[in-house]
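Please see the structure below; I have some questions.
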Amino acid sequence: MSKGQGQVSTGIRCQSHSTVDAMFICLEVGCNEAPVCKRCITNTGDHFRHDIALLDDHVEALKTRIIDAKSDTRNNVLVPLRTEAKKVEEELKGFDPFTATLNKSIEDRGEKIINKTKQLVIDFKQKCNQIRKSTRQGLEQYRKGLLARITEVEADLTALERCLSDNCNADIVNVAKTGLSKQYEDVEYPANIQEVSFKASEKALNDLESLLGTLQIEKREGNRIRPLENKVQMSQAEARVPVRRSMPQEDTRPQVGLIG
């Protein structure tokens, strides 16, 4: 019967015939619940002998599935997502302060190394200066002893030359007795003389990284919520309506009370 004779439009077009209203839903596996018309279920149609349900009956089943899907989506998808988002929000609140704490720890460690290095430099310089000062004092004392001995020797030589120039036999005899037999004591080299030198560490400067410490870097875990896919999908068996109707195979038989 045409629309002018009282047929009510379903508002859903047949998947195979775009100008015809669908009256049925094909529940056959692989058809994905396609909306079909009477022509589709005849012996020349694409859905001949398929498992068919009335559109009105199946819409009610779809409503139930949609309600279930809403509930399942809210409980299994939305709630976990909100919970995880809240966790991340709380984590982000402490992110910058914790980063600042890490940086402060690194700075404190570096400051300790710097201070220790400065103190070592001071200690090394003080010890070096003490040794050099003691060595200088010893060498200066040694130099004084040498100069005193030089003065003494020069004076004796002057006396010898004088007695020779005067040509006095008595002086020559007296000088010869004392001057020719005189022994000069050695000027002792100071025993407290120390040499000091500095040998730099054999470690390269980039080895300071091991002195400073290391960053402990760990890979964080992946998503802490369950995968979202397939959470609200229902199986083909669950999608079917509980009551099915076996539809006629001939074009003249499918009169099931849907038309006047």
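Which one is surrounded by the most Cβ atoms within 10 Å (Cβ to Cβ), of the residues in the range 6-61 that are β-branched (V, I, T) and in a helix (DSSP H, G or I)? Spell out the reasoning first.
Filtering the range 6-61 down to residues β-branched (V, I, T) leaves 8, 10, 12, 19-20, 25, 29, 36, 41-42, 44, 52, 59.
Those left that are additionally in a helix (DSSP H, G or I): 41, 59.
Numbers: I41: 23, V59: 15.
If we take residues in the range 6-61 being β-branched (V, I, T) and in a helix (DSSP H, G or I), then I41 is surrounded by the most Cβ atoms within 10 Å (Cβ to Cβ).
Continuing with this model, one more query. List every residue pair whose Cβ atoms sit under 6 Å apart, with the two residues 6 or more apart in sequence or on different chains, where the first one lies in the range 10-36 and is more than 14 Å from V59 (Cβ to Cβ) and the second, anywhere, is surrounded by fewer than 18 Cβ atoms within 10 Å (Cβ to Cβ) and among the acidic types (D, E).
If the second residue must be surrounded by fewer than 18 Cβ atoms within 10 Å (Cβ to Cβ) and among the acidic types (D, E), the pairs left are S16/D46; E28/D51.
State which residue pairs qualify: first residue free of Cβ contacts under 8 Å to residues at least 24 places away in the same chain and inside the range 61-89, second residue in a helix (DSSP H, G or I) and open to solvent by less than 60 Å² (accessible area, probe 1.4 Å) in any location, beta carbons under 8 Å apart, and separation of 6 or more residues or different chains.
Cβ pairs passing all conditions: none.
Go over the candidates R132, R109 one by one and state the one that is in contact with a Leu (Cβ under 7 Å, 6 or more places away or on another chain) and either in a helix (DSSP H, G or I) or open to solvent by 100 Å² or more (accessible area, probe 1.4 Å) (or both). I'd like the intermediate steps shown before the answer.
Working: R132 fails: in contact with a Leu (Cβ under 7 Å, 6 or more places away or on another chain).
None of the others qualify; the one that does is R109.
Output the number of residues of the range 1-32 satisfying the condition of being modelled with pLDDT under 80 and of a type in the set (A, V, I, L, M, F, W, C). Spell out the reasoning first.
First, pick out the residues of the range 1-32 that are modelled with pLDDT under 80: 1-10.
Add one more test, that the residue is of a type in the set (A, V, I, L, M, F, W, C), and what stays is 1, 8.
Counting residues in the range 1-32 that are modelled with pLDDT under 80 and of a type in the set (A, V, I, L, M, F, W, C) gives 2.
The values are calculated or read from the model by the stated rules, or taken from the named source; none is laboratory data. Nothing here was measured: the structure is a model prediction, and the numbers come from that model. Here the Cβ is made from the backbone with ideal geometry for all residues, glycine too, and neighbour counts use every protein chain on show. Please note that ligands, DNA and RNA were not included when accessible areas were found on the heavy atoms of the full protein model with its side chains. Shrake-Rupley method; radii C 1.70, N 1.55, O 1.52, S 1.80 Å.
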